[in-house]
Amino acid sequence: MDFLTLFAIYVVVVLTCIALVCKYSGQQETPFHTVFSYVAKVFSSFTPMWIQRFLTRMLHRLFHQRSNVFIYLHILLESAVYLEFSYEVFGFCREMDTTLTSLSVPYVLLVIKTYLFYLCIKRDPGTVTMKKVSGQLLMYPYDEKLFHPGVSCPSCQLVKPARSKHCRLCNRCVLRFDHHCIWVNNCIGARNTRYFLLYLFSVCAMAAAISLLTGDMLLHTVLRSGLLRASYIDEHGQQQSAGPLFVAQHLFLTFPRIVFMLGFVVFVFFLLAGYALFHFYLALVNQTSNEWYKSRGHVCQHCHPDHHHHHHHRPVPDHSTRSFYSRGLLRNLGEIFFPPQPVKKKHN
Ligand SMILES: *[C@@H]1O[C@H](CO)[C@@H](O)[C@H](O)[C@H]1NC(C)=O
Ligand SMILES: [Zn+2]
Ligand SMILES: [Zn+2]
């Protein structure tokens with residue numbers, strides 16, 4: 001097998017893994033879910049019971065309980081990329097007269113991103129509490145489609161404000177609940193959606209900056225080495241000019257770590273750019289991903305501990321549900337960045 005096939009297989013495997021993680025962590029029923037349970041069924045037919053039990057417990061702990069595993073994984077991957085960048089790419093770029101200003105961009109972005117990451121992890125997403133609930137109930141009107149007045153959360157024993165949802169992992173109700181993000185081990189809700197959005201964009205910017213600098217470096221190496229004008233003798237003894245495949249192979253063999261890192265970072269960029277754009281779109285139309293899923297009729301059974309209490313008004317797929325509440329794109333964005341405060345009780 002030549003290296004490109006191997007590389008392609010590798011990319012497909014990584015892609016599938018990350019897609020699985022992303023989809024599975026999204027808590028909603030998806031086609032991935034079906035594929036996943038099918039794979040699990042096949043897998044379980046020839047695996048000993050104790051391994052299955054172990055894996056189930058591991059998966060449960062990873063995806064259905066709060067844990068910092070993904071925060072550590074995040075830091076680990078990021079460190080690997082930045083070490084590789086500082087250790088190899090930086091030196092090559094300096095030799096090629098890339099300015100220090102452009103080389104410092106990834107580091108500046110890293111600082112900004114780390115701060116936003118910290119805010120996402122630490123800031124309260126808007127927990128519904130006994131003390132504040134009376135004010136929080138007035139923050140958004142009930143739409144009588146997805147959210148109905150007078151429904152209490154069986155776990156928190158508090159009336160659910162409109163747009164809130166109980167997070168099973170954190171065991172609390174969160175205002176304007178978007179989703180529970182395992183990468184920051186926190187819910188994304190009314191008070192931290194802004195940090196989450198900025199965080200997503202900063203990660204994309206970071207990946208873009210590193211990809212561009214690394215790509216530029218590799219391009220310069222190829223141009224400088226005159227590889228494009230080179231030729232080689234193939235297995236039939238014929239002279240062939242070096243095509244793009246040959247150049248790719250040469251680069252992969254000369255700078256394996258750099259090419260590998262570049263592949264990973266480009267991949268992360270496209271994955272997260274799509275995700276960030278989706279969330280940006282939702283912010284623009286005054287919708288949460290929870291509402292987006294619900295209004296399309298997807299309700300995850302096990303994520304919905306209280307569904308049997310009011311399944312008589314199960315949401316009907318209705319694609320226009322939320323846009324009704326949109327008061328213009330800019331105002332919607334404004335509300336993300338300056339979320340309404342819970343109304344304080346008046347003392348009289
Ligand atoms: C967003 O929708 C809610 C209703 O769910 C509404 O109360 C709020 O005013 C809307 N915000 C904007 C900026 O339109
Ligand atoms: Zn609750
Ligand atoms: Zn949560």
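The values are calculated or read from the model by the stated rules, or taken from the named source; none is laboratory data. Since the model is a prediction, treat every value here as computed from it, not as a measurement. Cβ sites come from the backbone with ideal geometry, for glycine too, and all protein chains shown count toward neighbours. Note: areas computed on protein heavy atoms with side chains; ligands, DNA, RNA excluded. Shrake-Rupley method; radii C 1.70, N 1.55, O 1.52, S 1.80 Å.
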Please go through region 43-63 and give me each residue that is surrounded by 10 or more Cβ atoms within 10 Å (Cβ to Cβ) and either touching a residue at least 40 places away in the same chain (Cβ under 8 Å) or over 23 Å from residue 183 (Cα atoms) (or both), ordered by number. 43, 44, 47, 51, 52, 53, 62, 63
Is it fair to say residue 131 is closer than 25 Å to residue 338 by Cα and in a loop (DSSP other than H, G, I, E, B)? yes
How many residues does region 141-160 hold that are within 16 Å of ligand 3 (Cβ to nearest atom) and in contact with an Asp or Glu (Cβ under 7 Å, 6 or more places away or on another chain)? 1
Any chance you could count how many residues in region 65-81 are at pLDDT 90 or above and either open to solvent by 70 Å² or more (accessible area, probe 1.4 Å) or of a type in the set (A, V, I, L, M) (or both)? 8
Can residue 191 be described as in a loop (DSSP other than H, G, I, E, B) and open to solvent by 20 Å² or more (accessible area, probe 1.4 Å)? yes
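A quick yes/no check of all residues on (1) outside any strand (DSSP E or B); (2) modelled with pLDDT under 90; (3) more than 16 Å from ligand 2 (Cβ to nearest atom):
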{"site": "83", "(1), (2), (3)": "yes, no, yes"}
{"site": "121", "(1), (2), (3)": "yes, no, yes"}
{"site": "163", "(1), (2), (3)": "yes, no, no"}
{"site": "166", "(1), (2), (3)": "no, no, no"}
Would you be able to say whether some residue in region 134-141 is touching a helix residue (DSSP H, G or I) at 6+ places or on another chain (Cβ under 9 Å) and either farther than 30 Å from residue 73 by Cα or without any contact (Cβ under 8 Å) to a residue 40 or more places away in the chain (or both)? yes
Please determine, by comparing only the residues of region 120-169 that are closer than 18 Å to residue 289 by Cα and more than 16 Å from ligand 1 (Cβ to nearest atom), which one is surrounded by the most Cβ atoms within 10 Å (Cβ to Cβ). 125
